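Peer 1: My questions all concern the structure below.
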Number of protein chains: 4
Amino acid sequence: MSSGTSTRSLHADDVLNLVSDVAPPMHVATTFRYPNDPAALVPAADIANSGTPDPTSHIYSRLSAPNPTRFETILSSLCAGQTIAYSSGLSALHAALTLLNPRHISVGEGYHGCHGVIALFTRTTGLKKLPLDCAASALQKGDVILLETPVNPKGTAFDIAHFAEKAHARGAVLIVDSTFAPPGLQQPFDFGADVVMHSGTKYFGGHSDLLSGVLVTRNREWYEQLYKDRVFLGSVMGNMESWLGVRSLRTLEVRVQRQSANASNLVSWLHTALHTPNPSPDSVEAAVQSVLEEVYHASIQQTEGDWLKKQMPNGFGPVFSITMKTERAARYLPSKLHFFQHATSLGVVGLENWEDLKSDLVGAFRELAKESKE
Amino acid sequence: MSSGTSTRSLHADDVLNLVSDVAPPMHVATTFRYPNDPAALVPAADIANSGTPDPTSHIYSRLSAPNPTRFETILSSLCAGQTIAYSSGLSALHAALTLLNPRHISVGEGYHGCHGVIALFTRTTGLKKLPLDCAASALQKGDVILLETPVNPKGTAFDIAHFAEKAHARGAVLIVDSTFAPPGLQQPFDFGADVVMHSGTKYFGGHSDLLSGVLVTRNREWYEQLYKDRVFLGSVMGNMESWLGVRSLRTLEVRVQRQSANASNLVSWLHTALHTPNPSPDSVEAAVQSVLEEVYHASIQQTEGDWLKKQMPNGFGPVFSITMKTERAARYLPSKLHFFQHATSLGVVGLENWEDLKSDLVGAFRELAKESKE
Amino acid sequence: MSSGTSTRSLHADDVLNLVSDVAPPMHVATTFRYPNDPAALVPAADIANSGTPDPTSHIYSRLSAPNPTRFETILSSLCAGQTIAYSSGLSALHAALTLLNPRHISVGEGYHGCHGVIALFTRTTGLKKLPLDCAASALQKGDVILLETPVNPKGTAFDIAHFAEKAHARGAVLIVDSTFAPPGLQQPFDFGADVVMHSGTKYFGGHSDLLSGVLVTRNREWYEQLYKDRVFLGSVMGNMESWLGVRSLRTLEVRVQRQSANASNLVSWLHTALHTPNPSPDSVEAAVQSVLEEVYHASIQQTEGDWLKKQMPNGFGPVFSITMKTERAARYLPSKLHFFQHATSLGVVGLENWEDLKSDLVGAFRELAKESKE
Amino acid sequence: MSSGTSTRSLHADDVLNLVSDVAPPMHVATTFRYPNDPAALVPAADIANSGTPDPTSHIYSRLSAPNPTRFETILSSLCAGQTIAYSSGLSALHAALTLLNPRHISVGEGYHGCHGVIALFTRTTGLKKLPLDCAASALQKGDVILLETPVNPKGTAFDIAHFAEKAHARGAVLIVDSTFAPPGLQQPFDFGADVVMHSGTKYFGGHSDLLSGVLVTRNREWYEQLYKDRVFLGSVMGNMESWLGVRSLRTLEVRVQRQSANASNLVSWLHTALHTPNPSPDSVEAAVQSVLEEVYHASIQQTEGDWLKKQMPNGFGPVFSITMKTERAARYLPSKLHFFQHATSLGVVGLENWEDLKSDLVGAFRELAKESKE
């Protein structure tokens, strides 16, 4: 389909409509009736071994169900690969490790949850962890590089093509965790990713009201095995979560465009303010400089070559990160903000009018600056 | 709490009420605000390492969330052990295997899904399967006996105490899959179970509209590790599933009492009809005898000793099983029934007035008997 | 259909199944696609004027929608008349008044909300209120008697046949509010009711989590007009409310049987305790007598003739009422109870094991008795 | 609050947060517990007569409930007046008529549903209908002008200030149905509206999955009476509808901006194509001209004076309308479109990338043009 991102968000699942409802029903059934015609009955084993499900026909919701299938169908179009959804981002990673069962995994700092999954897998299988910048020679056939880019929490980026080359030279597999750059911002397959992973809890869900994780691959055999494995891992996405997920994808492009623009505007303002020479004492710039240590974001990242603009041509991820000059300022900042939420996770904050977000930061910085003088 | 089953189903979660709503809200948030007071902030690592969650306070819904916690709290009372819930029965079994990481698992026929979980675990860890009646000497310290009773699909029972003794004599662990006999019908801990497992999709849910699985244990250390593992397995129960699960538990006792009585009535009728000597040609008994091969259910099971009545003193599980004289009759039976659903799974069928279920079977048997003569 | 109440609760809607889901989906669409075949298009006006909707085909959810239609379909079977559902019990009464547009309405004390509806209708139309025991001659053709039985909050009953005769002798219409006695307990049409009304919020919903109201009639013309009027009153039942309503009806019989038995057990115990002569000072009976003034319930109601047992042959409504000897005791009682909820509404409390409810009352009465002596 | 539209959509309800959930729970309770402290108990009558509810405290969900209250709170900020929500747009209109109880209502063509409400009200109260362009002298004190602008289905606009003047000169009340121009596009109070009405089913909901209607007023007395009346009209918004409504409002601005831009782009293209002189035979313009009769939209509306740009300074409503040259073309057009849905209602279509919508129309017009030649 050559349609735009929003058009696909709204119509890639049209083929799944069995009823005339303009908005899809929230299916909750765990169990689906067999055909009433005895001649049409198919042994369950045949279905289980058929590789992948018919997206319009279901037997038991641990195998497949209408809402998760709809969510996967839209994402298969948006992510440009076959998509399988899980109950959370970490259960998606767990499924990828179960599929690939590597002996080594090369991984950077990034999201701490992934390290928890790796530790659990190490406990049962003996998997060993290598640093992201390990020597290529440390990798063996079947090993995994897990690359998160943009990376949590900084929002800065890594060069996917570089890691793809490193992995493939050794017969290893590159998994890209692209959670911080949803479709429209970054397409990891174009740069050599073998498996793309998203915590759907973040931008896909976008409203802080659903947990999900997805794996995307263009390797048909892997996709079929992932589907079979999920039947027994049992880590399927909830019905309301997947129904809300579909509802969220309808607005993915307009949400991410606004969020990305807001982040770039804020980062640009903070970065400029931080580096304005000799600000007048009562100026916003002076307040920023008195409390803010550093700003991190792909939009102000220094890179060699032009890989970053090629990798994220339409704008950067909506997450950026700041460090404060003192621990006290870091600890007290959240309590002085009204529009920024002090909570774990991400992907929701950001549809506000960006000037209001700026004002919120300005107010908090001024308070902190004043307090630091007292 | 010494209250009755229904009273506990309705009130064991009263301690979790933070708002004045008489029926609990369906919480959907993935993320929960930190305290606004900077002094009250606790490092996330401290919380993650604290073993088990405060059931009235949440951080991120992959760790814990209000609805699944409420579901677990009620079940901890009903199942008489600490309960942890998962996205499905099989993800519960997968978590139990991840916790115990046994070298051998002794397991009978029973539910085929469990064998899929074992096969997947075998692929990554080298786990080996033994028959349920393996020699005790084949078991080593840390191994597992997985006993399903009553057993899928027959509805007949195994002697839990016997297998507890066998396991414990070797330092092995007894997991009882008590799905077919929910609280009120069977209490596996009283007979030596170490871990009790339920597919909550069946009687707990009871309306064919939610997937879930639970593990129950009285071993505090295991409970804490199961909780920590679930954070990284990520196989948490959906929000609507757990909200509906709580709603379902409110009626658990009245549902299971009716279902158990219905099953016993039907089995007794079928069993009597099948063994009525010389029925008159047009009688119901003649129709039954011409198509029905056998009926299976704990209520008509022959056992040595009185363990079965001790193990299930209040009635037997609502699932029974029949075999037909011909494959054709088996294949065509479902299409001739109106109240029985032809579908996988169980736990819902059965609140009908039992005379209507009997009439439904009589009609179908008569049709099949007539067709077999043609 | 001659099936039992539970069987009809579970299967009366089977005809509406368009998909193979064993549990019905929660439809949320406001809008339904027209046929794609241009030749099959029907002018909207023709549909709007066709009287009543095709229950398996929908256009716009203010007209009809799958979940409310399913709720109505089951209730049409259970209530033995054509049923139309509304957003609340009072919007149902408002719709009945809009249909009948009477000049006078004869009504007793009962539920205060109904008097609010009447007052609002009086404001716009000039409707006049008469007492329930008004002279028959005060009623004119087209006027309404609104009879609530059993009556809120006492739980005592009125003779439906008597009021039917009175109304019909004058060409007036008898509306019976049968909220306190759901299907299985009372069938008002058998005693002459013209319209039966239920607040579905109570026993139909049964879990304190949905608002609804229904009207039932056997007059086809009224039914069609009620349907047309609802399109413009716009007081349709919510999607989740109606989906939950269907889920609730699946267990209606087992819930109401338990609730009715619990109420009768409690009333019988309280009534006996209250009238036990010379109880010993520390006995439960003494505590009851020291704080309780009176108990009200149909099960202990004195009537002339046997109409009450004919009207409610299977047990009485689950609501009973008590008065306390002092205002203080009445005010403090709720704070001393753990299983009884202090809140408006009804229809949920009551699935507990009744001995626990008795213990709860005993504890509270003893505390109050002790306090009254201090 | 001087924050932007999106910021208010995201934060106007922050004051209602009783729990730490970042996304609000879906409250379903019909009933809320009274305070456990007997001294804190307030007679229900006092609460009922207190005019308006405390938005953070609830008694019974027909009076007020957390989700509808949250929906209303956000809309009170966005619509700049006190907002009360109903189960549908028409139940909102019905409530407005119940409040004002006019003897005459001056109303144009517009949405046919409103005429159904008026007819129903006429049946019970004798209300009389006047044309929108009636002589001002036909209006009496207390009468109503109901002005829909932009108007259904054309999408063209009326001058609000003109009708406000006309109404007020006679002591009549101006209700503006602003459904086709949600907040951000039009502020009717600025031009003299007394009551603003929206079918929340359209842009507020925006996903075709919820029914709702709202009234907004700056008259405190009317607001209090509307609240009291709704208690007895019982036409409250469903819980899931209001929860989804809040979720929808989070993205209102980005949705409406995209929809408005798409509509203007399409209208501009169609209008230009329709009036392109002498298009070449195979051109898009020729196809447009061979089947399309006319395009209607505020963006191409001819007006006297500059009221239209003042009334809608930020863009026009997303609904436009076309007429075809033949009935056959009109009847067959929907079956040739893939992205446009053939269904009643509106407010959802439109987030697609507009070039895809154009292509869809081009394809359909070419097919129709070809068929008309055959």
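The values are calculated or read from the model by the stated rules, or taken from the named source; none is laboratory data. Since the model is a prediction, treat every value here as computed from it, not as a measurement. Using ideal geometry, Cβ is built from the backbone for each residue, glycine included, and neighbour counts are taken over all protein chains shown.
Peer 1: Could you grab me the full set of residues in segment A:350-363 that are touching a residue at least 24 places away in the same chain (Cβ under 8 Å) and in contact with a Phe, Trp or Tyr (Cβ under 7 Å, 6 or more places away or on another chain)? Don't jump to the end; show me each part of the working.
Peer 2: Kept after step one, since they are touching a residue at least 24 places away in the same chain (Cβ under 8 Å), are these residues of segment A:350-363: A:350-352, A:354, A:357-358, A:361-363.
Those that are touching a residue at least 24 places away in the same chain (Cβ under 8 Å) and in contact with a Phe, Trp or Tyr (Cβ under 7 Å, 6 or more places away or on another chain): A:Glu352, A:Leu357, A:Lys358.
Peer 1: Continuing with the same structure: Quick check on segment C:187-196. Is at least one of its residues at pLDDT 95 or above, of a type in the set (Gly, Ala, Ser), in contact with a helix residue (DSSP H, G or I) (Cβ under 7 Å, 6 or more places away or on another chain) and more than 17 Å from C:Gly108 (Cα to Cα)?
Peer 2: Yes, the conditions are met somewhere in segment C:187-196.
Peer 1: Among the listed residues B:Leu93, B:Leu16, which satisfies the condition of being under 30 Å from B:Gln140 (Cβ atoms) and not small (Gly, Ala, Ser)?
Peer 2: Just a single option satisfies the conditions, and that option is B:Leu93.
Peer 1: Can you say whether B:Val173 is modelled with pLDDT of 95 or more and surrounded by fewer than 24 Cβ atoms within 10 Å (Cβ to Cβ), as far as the supplied structure shows? Before you say what the answer is, go through the steps one by one.
Peer 2: Numbers: modelled with pLDDT of 95 or more: yes; surrounded by fewer than 24 Cβ atoms within 10 Å (Cβ to Cβ): no.
The answer is no for B:Val173.
Peer 1: Looking at segment B:206-220, which of its residues are among the polar types (S, T, N, Q) and more than 12 Å from chain A (Cβ to nearest Cβ)?
Peer 2: B:Thr217, B:Asn219
Peer 1: Condition first: surrounded by fewer than 17 Cβ atoms within 10 Å (Cβ to Cβ), within 11 Å of chain A (Cβ to nearest Cβ) and outside any helix (DSSP H, G or I). Now tell me which residues in segment D:1-24 satisfy that.
Peer 2: Answer for segment D:1-24, where residues must be surrounded by fewer than 17 Cβ atoms within 10 Å (Cβ to Cβ), within 11 Å of chain A (Cβ to nearest Cβ) and outside any helix (DSSP H, G or I): D:Met1, D:Ser2, D:Asn17.
Peer 1: Same structure again: Got a sec? Which of D:Tyr227, D:Tyr223, D:Tyr203 is within 13 Å of chain C (Cβ to nearest Cβ) and outside any loop (DSSP other than H, G, I, E, B)?
Peer 2: It is D:Tyr227.
Peer 1: When residues of segment B:158-194 are filtered for being part of a loop (DSSP other than H, G, I, E, B) and closer than 26 Å to B:Ile74 by Cα, how many remain?
Peer 2: 13
Peer 1: Can you say whether A:Ser106 is among the polar types (S, T, N, Q), more than 7 Å from chain B (Cβ to nearest Cβ) and more than 25 Å from the chain's Cα centre (by Cα), as far as the supplied structure shows?
Peer 2: No; evaluated as a whole, the condition is false for this residue.
Peer 1: Another question about this same structure. Is there any pair linking a residue in segment D:234-258 that is on the phi > 0 side of the Ramachandran plot to one that is acidic (Asp, Glu) and not in a loop (DSSP other than H, G, I, E, B), with Cβ under 6 Å and at least six apart or on different chains, and which?
Peer 2: Going by the 6 Å Cβ cut-off, there are no qualifying pairs.
Peer 1: Out of the residues in segment D:25-35 that are more than 7 Å from chain B (Cβ to nearest Cβ) and surrounded by fewer than 24 Cβ atoms within 10 Å (Cβ to Cβ), which is modelled with the lowest pLDDT? I'd like the intermediate steps shown before the answer.
Peer 2: Residues of segment D:25-35 more than 7 Å from chain B (Cβ to nearest Cβ): D:30, D:34-35.
Filter once more, so that each one left must be surrounded by fewer than 24 Cβ atoms within 10 Å (Cβ to Cβ): D:34-35.
Working: D:Tyr34: 93, D:Pro35: 90.
Going through the qualifying residues, I end up with D:Pro35.
Peer 1: Shifting gears a bit: Can you find even one residue in segment A:41-61 that is out of contact with any Ser or Thr (no Cβ under 8 Å at 6 or more places or on another chain), farther than 26 Å from A:Pro183 by Cβ and modelled with pLDDT of 95 or more?
Peer 2: For segment A:41-61, residues out of contact with any Ser or Thr (no Cβ under 8 Å at 6 or more places or on another chain), farther than 26 Å from A:Pro183 by Cβ and modelled with pLDDT of 95 or more: absent.
Peer 1: Answer yes if at least one residue in segment D:348-361 is farther than 29 Å from A:Asp21 by Cα, at pLDDT below 95, out of contact with any helix residue (DSSP H, G or I) (no Cβ under 8 Å at 6 or more places or on another chain) and not aromatic (Phe, Trp, Tyr), and no otherwise.
Peer 2: Within segment D:348-361, not a single residue is farther than 29 Å from A:Asp21 by Cα, at pLDDT below 95, out of contact with any helix residue (DSSP H, G or I) (no Cβ under 8 Å at 6 or more places or on another chain) and not aromatic (Phe, Trp, Tyr).
Peer 1: Which count do you get for residues in segment D:64-77 that are under 15 Å from the mean Cα position of the chain (by Cα) and surrounded by 22 or more Cβ atoms within 10 Å (Cβ to Cβ)?
Peer 2: Qualifying residue count for the region: 3.
Peer 1: Have a look at D:Ser242, D:Ser264, D:Ser178, D:Ser199 and point out the one that is in contact with a helix residue (DSSP H, G or I) (Cβ under 6 Å, 6 or more places away or on another chain), of a type in the set (Ser, Thr, Tyr) and farther than 20 Å from D:Val349 by Cα.
Peer 2: D:Ser242
Peer 1: Checking the structure you have, find out if any residue of segment A:85-102 is away from chain B (no Cβ under 13 Å) and touching a Ser or Thr at 6+ places or on another chain (Cβ under 7 Å).
Peer 2: First, pick out the residues of segment A:85-102 that are away from chain B (no Cβ under 13 Å): none.
For segment A:85-102, residues away from chain B (no Cβ under 13 Å) and touching a Ser or Thr at 6+ places or on another chain (Cβ under 7 Å): absent.
Peer 1: Then there's this: Restricting the search to segment A:195-236, which residues are farther than 15 Å from A:Glu72 by Cα, surrounded by fewer than 24 Cβ atoms within 10 Å (Cβ to Cβ) and of a type in the set (Asp, Glu)?
Peer 2: Once the filter is applied, which keeps residues that are farther than 15 Å from A:Glu72 by Cα, surrounded by fewer than 24 Cβ atoms within 10 Å (Cβ to Cβ) and of a type in the set (Asp, Glu), segment A:195-236 yields A:Glu221, A:Asp229.
Peer 1: Just to verify a result, which residue in segment A:56-84, among those that are in a loop (DSSP other than H, G, I, E, B) and more than 9 Å from every other protein chain (Cβ to nearest Cβ), is farthest from B:Ala95 (Cα to Cα)? Break it down into steps so the answer makes sense when it comes.
Peer 2: Keep residues of segment A:56-84 that are in a loop (DSSP other than H, G, I, E, B), which gives A:56-59, A:61-65, A:80-81.
Next, only the ones that are more than 9 Å from every other protein chain (Cβ to nearest Cβ) stay: A:56, A:63-64, A:80-81.
Values: A:Thr56: 31, A:Leu63: 18, A:Ser64: 21, A:Ala80: 32, A:Gly81: 30 Å.
Applying the filter and picking the extreme gives A:Ala80.
Peer 1: Are there any pairs with C-beta distances below 8 angstrom linking a residue in segment B:101-114 that is in contact (Cβ under 8 Å) with a residue 24 or more places away in the chain to a residue that is crowded, with 22+ Cβ neighbours inside 10 Å and of a type in the set (Lys, Arg), with the two at least 6 apart or on different chains, and if so which?
Peer 2: Once the first residue is in contact (Cβ under 8 Å) with a residue 24 or more places away in the chain and sits in segment B:101-114, its partners that are crowded, with 22+ Cβ neighbours inside 10 Å and of a type in the set (Lys, Arg) give B:Gly113/A:Arg62.
Residue-by-condition table, conditions (1) crowded, with 24+ Cβ neighbours inside 10 Å; (2) on the phi > 0 side of the Ramachandran plot:
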| residue | (1), (2) |
| --- | --- |
| A:Ile118 | no, no |
| A:Gly126 | no, yes |
| A:Leu139 | yes, no |
| A:Thr149 | yes, no |
| A:Asn152 | no, no |
| A:Gly155 | yes, yes |
| A:Asp159 | no, no |
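Peer 1: If you scan segment D:304-337, which residues turn out to be charged (D, E, K, R) and over 28 Å from D:Ala286 (Cα atoms)?
Peer 2: D:Glu304, D:Asp306, D:Lys309, D:Lys310 - these are the residues of segment D:304-337 that are charged (D, E, K, R) and over 28 Å from D:Ala286 (Cα atoms).
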